[in-house]
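The values are calculated or read from the model by the stated rules, or taken from the named source; none is laboratory data. This is a predicted model, so every value here is computed, not measured. Positions of Cβ are backbone-derived with ideal geometry, glycine not excepted, and every protein chain shown enters the neighbour counts.
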Amino acid sequence: MPVQEPPLRRLCTDCGLSRTAQPQRCGQACQFIRPDYPRMERQVHGRPRDENAGGKAPGDELHFGPLQAMWQARLRRPLDGAQWTGITTRLAERLLESGAVDAVICMGPHPQDRWRPQPVVVTRPQDMAACRGMRMGYAPLLAQIEPALRQGLRRLAVIAIPCQVYPLRAIEEQLRREHGLESLHVIGLPCSDNTHTERFHDFLALLSPRPQDIRYLEFRADYQVEIRTDNGQQRLIPFLQLPLSDLPADFFPTTCRTCVDYTNALADVTVGYMGGRGEQWVLVRNQRGQQLLDLLGDEVLLTPPSSAGQRAGAVRGFLANLQRAAGGLPTRRMPAWVRPLVAWLMPRIGPRGLEFARARVEMKALETLVHLRRDMPARVRSMVPAHVFRLARPYGLVQAPHERPAAADSPRSPSR
Ligand SMILES: Cc1cc2nc3c(=O)[nH]c(=O)nc-3n(C[C@H](O)[C@H](O)[C@H](O)COP(=O)(O)OP(=O)(O)OC[C@H]3O[C@@H](n4cnc5c(N)ncnc54)[C@H](O)[C@@H]3O)c2cc1C
Ligand code: SF4
Ligand code: SF4
């Protein structure tokens, strides 16, 4: 469905809200303006995250958001074209097959560029297959919702990244009251290090003389990037051997360096890989999320997640690099001959499983604070939730008095 052009904003990932008939809703619904996670978590899950509840270890909700259960998971029969085994699109397919929803709104590939996301409204289960796999970039997903509701598609599922899920949840009540939304299932993906599709093509060109043949790329939990090509080749590149120092300092936009919800805390279920030790990682956040997972029955193999290694040293090293990089990419300048050795050691002695996921969430919190303080310090007070400061505190980044929100800063719902 065609949508209007968005206004220019420095911190905006074009989630689609600014292209609707009420773009002024961005002011109260945007993750980058004045998010209120405790209130939104209460609205969606019935309670805010609790540092000492849920998950396998005390403290997991501080890192991962409200949880009912957490699993290492994989489909018994991985689906062709899926990013991992295809749990995400299979959940949506099951919703359509079982008649629980009228449509799924998610990102498919653009017809002219497989790496460019394009919002699609899927009403037939068999059409979910075309949406499998990861695209790099943004596209106005939420602009599809009100037109879909107008067409009578009133029971919806949305698959989305965190900076799309926050505004979706912020307008959910209004969608129910004014636009006839009857039910909403939200399947969330964790998200970090996204960039514009054009920039991602530049990155592919550094990895291969034939970037046009690369059909799959993933940053794996064993510290390697996996690449697959159209002619069936697979290549693994250790993170430390990536050509990051050849990328421009602004390769990742400020949005993706400063966003505050890595694990998609407002989804009903989050499907990622970080805590999955080579498999997928499923975070069930509420009863609706549990019902969603139940739709997969025996198709999915679930095991309790595990954890190994110690994250503190790796996170401290990341912070030191980040501070040295002074706004550029936190690449490690080590002699070329040491890199393969360290790349071999990291998957063996570095944090693994849930400890890897905690490390990445803490790194993201540190990155948010370092970049925002440097580039847009006035935003820290309104944009950074308290839990991000709690994650950063053990590494010496402490909330300054002028970074504490005043009572008057409390946001209102856009639907009021
Ligand atoms: C930009 C990006 C960054 C990510 N970073 C992490 C990370 O750091 N850690 C982690 O654990 N997981 C991350 N993920 C999620 C991970 O890559 C897998 O998508 C997830 O584990 C689901 O795998 P699957 O096999 O179940 O997905 P599939 O069944 O293959 O389905 C993939 C789903 O992703 C959606 N999608 C694809 N591209 C986009 C996009 N650009 N924007 C919004 N939706 C999209 C598709 O619509 C589809 O529904 C990221 C995903 C994206 C899109
Ligand atoms: S709500 Fe969406 S469209 Fe509006 S400013 Fe935020 S990211 Fe951009
Ligand atoms: S990294 Fe953050 S801001 Fe960037 S696309 Fe992902 S959720 Fe959105």
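When region 56-105 is filtered for residues that are free of Cβ contacts under 8 Å to residues at least 60 places away in the same chain, surrounded by 21 or more Cβ atoms within 10 Å (Cβ to Cβ) and within 30 Å of ALA365 (Cα to Cα), the ones remaining, listed by number, are GLU61, GLY86, ILE105. Within the set ALA160, ALA139, ALA143, ALA170, the sole residue that is more than 16 Å from ligand 1 (Cβ to nearest atom) and buried (at least 20 other Cβ atoms within 10 Å of the Cβ) turns out to be ALA170. Run down LEU175, LEU184, LEU153 and say which single residue is in a strand (DSSP E or B), over 17 Å from the mean Cα position of the chain (by Cα) and buried (at least 17 other Cβ atoms within 10 Å of the Cβ). That would be LEU184, the only listed residue that is in a strand (DSSP E or B), over 17 Å from the mean Cα position of the chain (by Cα) and buried (at least 17 other Cβ atoms within 10 Å of the Cβ).
Mind telling me which of the residues ASP202, ASP193 ends up being away from ligand 2 (no atom under 14 Å from the Cβ), part of a helix (DSSP H, G or I) and surrounded by fewer than 21 Cβ atoms within 10 Å (Cβ to Cβ)?
Numbers: ASP193 fails: part of a helix (DSSP H, G or I).
Just a single option satisfies the conditions, and that option is ASP202.
Scanning region 229-254 for residues that are of a type in the set (D, E, K, R) and within 16 Å of ligand 3 (Cβ to nearest atom) yields a count of 1. In the set GLN144, GLN118, only one residue is within 16 Å of ligand 2 (Cβ to nearest atom) and closer than 30 Å to GLU178 by Cβ; that residue is GLN144.
Run down ARG42, ARG90, ARG77 and say which single residue is over 17 Å from the mean Cα position of the chain (by Cα), more than 16 Å from ligand 1 (Cβ to nearest atom) and at pLDDT 95 or above. Even if it seems obvious, please write down each step before you answer.
Working: ARG90 fails: more than 16 Å from ligand 1 (Cβ to nearest atom); ARG77 fails: more than 16 Å from ligand 1 (Cβ to nearest atom).
On inspection, the qualifying residue turns out to be ARG42.
Only one of ARG257, ARG285 is buried (at least 20 other Cβ atoms within 10 Å of the Cβ), away from ligand 3 (no atom under 16 Å from the Cβ) and not polar (S, T, N, Q). Can you tell me which? The unique qualifying residue is ARG285.
For region 382-398, a residue qualifies if it is of a type in the set (A, V, I, L, M, F, W, C), part of a loop (DSSP other than H, G, I, E, B) and surrounded by 12 or more Cβ atoms within 10 Å (Cβ to Cβ), and the qualifying residues are VAL384, LEU397.
Scanning region 180-209 for residues that are touching a Phe, Trp or Tyr at 6+ places or on another chain (Cβ under 6 Å) and closer than 19 Å to LEU91 by Cβ yields a count of 1.
Identify, from the list ARG288, ARG257, the residue that is away from ligand 1 (no atom under 15 Å from the Cβ) and of a type in the set (D, E, K, R). Talk me through it step by step, then tell me what you get.
On the way: ARG257 fails: away from ligand 1 (no atom under 15 Å from the Cβ).
The match here is ARG288.
Per the conditions (1) free of Cβ contacts under 8 Å to residues at least 60 places away in the same chain; (2) within 30 Å of VAL384 (Cα to Cα); (3) charged (D, E, K, R), the sole criterion not satisfied by ASP202 is (2). Filtered by the rule that a residue be within 20 Å of the chain's Cα centre (by Cα) and either farther than 25 Å from PHE252 by Cα or more than 16 Å from ligand 3 (Cβ to nearest atom) (or both), region 111-127 gives ARG114, VAL120.
Scanning region 59-68 turns up no residue that is modelled with pLDDT of 95 or more, within 13 Å of ligand 1 (Cβ to nearest atom) and farther than 29 Å from VAL384 by Cα. Of all the criteria given as (1) aliphatic (A, V, I, L, M); (2) surrounded by fewer than 20 Cβ atoms within 10 Å (Cβ to Cβ); (3) closer than 20 Å to ARG25 by Cβ, the one not satisfied by ALA130 is (3).
Exactly one residue out of GLU226, GLU279, GLU299 is over 18 Å from GLU367 (Cα atoms), touching a residue at least 40 places away in the same chain (Cβ under 8 Å), within 14 Å of ligand 1 (Cβ to nearest atom) and within 22 Å of the chain's Cα centre (by Cα), and it is GLU279. Per the conditions (1) surrounded by fewer than 15 Cβ atoms within 10 Å (Cβ to Cβ); (2) over 26 Å from ILE161 (Cα atoms); (3) touching a residue at least 24 places away in the same chain (Cβ under 8 Å), the sole criterion not satisfied by LEU240 is (1).
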